[in-house]
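Undergrad: First the structure, then my questions, so here it is.
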Amino acid sequence: MVNRKKIFFRFFSAIILCMIFCSCCENKTNEKSVTVIPLTQTDTIARTSITFILGKDDNTRNPYYALANQYYRLSETEKTEIVIDSLISLTEVRNYLAVHRPVNKRPWGLINLVTHGNEFVDLSVYVSPTGSRVSEESLQKAIDDSVFLPLDSLTIDDKTLFNLHGCAVGNNTRLLNLLGVAFGGGPTPALVKASRMFEYYAYLSPNKNPQSIRHYYARVWYGYYKVDSLPDEQILTAQLKNKYPNDSVDWVQALRRQYPSDPSQVYHMNLHIPVVWEDFYESKNEMPDLRTKAKQDKWVDDKTEFLALLSKTAIPREYFRIKFYTLTYSRDSGIIYSGKVKGMAGIICIIKPEVKAVDVQGIKHLPYIPADNDNQFFSYSVTRQNESNGLMRILPL
């Protein structure tokens, strides 16, 4: 009887061991089909960085894109693994990021977007290759029309940073928020950073050695003038003194210097700020009669949407030259008529580079490097706190 119990116990134990062994084998087989990286390990894997140079230089005296192109290839501190200089639109950037994912299978890390731009209206880069320049309105329309589709969380995530390099575009926080929504990346928008200052790149060495290119931030002051007349030095000096009474800047010297001989000098740059409105009509008879100056002035006074665009620039209305155009477009349904109104204002930007107060190892005029959280220099697309990793995130608009 005892022997039978021992035999039964051994037999039952063997069955249990066999079942456990088979179960383990099955789990191991399943694990081979899924690669699982522990969460703690993901934070130690290096992310791939990339820079997009989104334009070409029109003026050889202002080689903004060319210098940035070399800088992000050669800089010891800000060099990225990849530099792309053949794209002209943000949808192309979006598609490149989605198709050419990093080889380490991790989402992108730092994504630099280098473009001309201004804090008043728009960026020089286009929404799509055949679309409009990037502004709040054009980008919002691209999002609403699904022209710009968000990236998935395998391409970008909450550790991905879009760093937009332009002239003081960080002061347009709504545009930063829209860029975050446009690029997306999972349930929350992408994180976008931009400078409140002007940004530019300059040689430190007189022989223009590419290794000597540095990245500068600069403070800026604005004066206004009409684009159809040359800005008068005395009038602009008085305007700047009246507008910025507490700032100790040599306005006359800045107005006379357009191309500094070293990165520490105060100088100026001229910009033309456009504001465009367009109405469409099915027939020419539907178009308003705007052939006289009085009728054009009345149209502007009554067009609240156009006035809102002018107001958004913070440029006084008297500095805008406003012109009216009649255009036609061919469509499958026939001819479409357009009444286009374009306002243009002249801005003179007084630029003072931020350089280190003392020379470093005998090198003069090295750029001042602000901290990432210095809100005098930078702004982020932020509205709420993500408690899991401390990053500030924005809500969809």
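The values are calculated or read from the model by the stated rules, or taken from the named source; none is laboratory data. Since this is a predicted model, take the numbers as computed values, not measurements. Please note: Cβ atoms are built from the backbone with ideal geometry, for glycine as well, and neighbour counts cover all protein chains shown. Note: areas computed on protein heavy atoms with side chains; ligands, DNA, RNA excluded. Shrake-Rupley method; radii C 1.70, N 1.55, O 1.52, S 1.80 Å.
Undergrad: Check whether at least one residue in the range 75-95 is surrounded by fewer than 20 Cβ atoms within 10 Å (Cβ to Cβ), of a type in the set (Asp, Glu), assigned to a helix (DSSP H, G or I) and at pLDDT 95 or above, and report yes or no.
TA: Yes, the range 75-95 contains a residue that is surrounded by fewer than 20 Cβ atoms within 10 Å (Cβ to Cβ), of a type in the set (Asp, Glu), assigned to a helix (DSSP H, G or I) and at pLDDT 95 or above.
Undergrad: Take the conditions at pLDDT below 95 and open to solvent by 50 Å² or more (accessible area, probe 1.4 Å) and apply them to ALA314. Does it pass?
TA: So ALA314 fits the description; yes.
Undergrad: Out of the residues in the range 49-63 that are hydroxyl-bearing (Ser, Thr, Tyr) and either farther than 28 Å from TYR259 by Cα or open to solvent by 10 Å² or more (accessible area, probe 1.4 Å) (or both), which is modelled with the highest pLDDT?
TA: Per the criteria, the residue is SER49.
Undergrad: Look at the range 58-72 and say how many of its residues are free of Cβ contacts under 8 Å to residues at least 12 places away in the same chain and assigned to a helix (DSSP H, G or I).
TA: 1
Undergrad: Out of all the residues in the range 155-195, which are closer than 13 Å to ARG94 by Cα and open to solvent by 10 Å² or more (accessible area, probe 1.4 Å)?
TA: VAL181, the sole residue that qualifies.
Undergrad: When the residues of the range 243-285 are narrowed to those that are farther than 21 Å from TYR319 by Cα and of a type in the set (Lys, Arg), which ends up surrounded by the most Cβ atoms within 10 Å (Cβ to Cβ)?
TA: If we take residues in the range 243-285 being farther than 21 Å from TYR319 by Cα and of a type in the set (Lys, Arg), then ARG257 is surrounded by the most Cβ atoms within 10 Å (Cβ to Cβ).
Undergrad: Sticking with this structure for a sec: Limited to the range 98-111, what total is found for residues that are buried (at least 22 other Cβ atoms within 10 Å of the Cβ) and not in a loop (DSSP other than H, G, I, E, B)? Can you show your working first?
TA: Step one: of the range 98-111, the residues buried (at least 22 other Cβ atoms within 10 Å of the Cβ) are 107-108, 111.
Of the ones still in play, those that are also not in a loop (DSSP other than H, G, I, E, B) are 111.
Here the count works out to 1.
Undergrad: Quick one: what pairs do we get from the range 125-145, first residue within 19 Å of ALA308 (Cα to Cα) and without any contact (Cβ under 8 Å) to a residue 60 or more places away in the chain, second open to solvent by 20 Å² or more (accessible area, probe 1.4 Å) and charged (D, E, K, R), C-beta under 8 Å, 6+ apart or different chains?
TA: GLU136/ARG174
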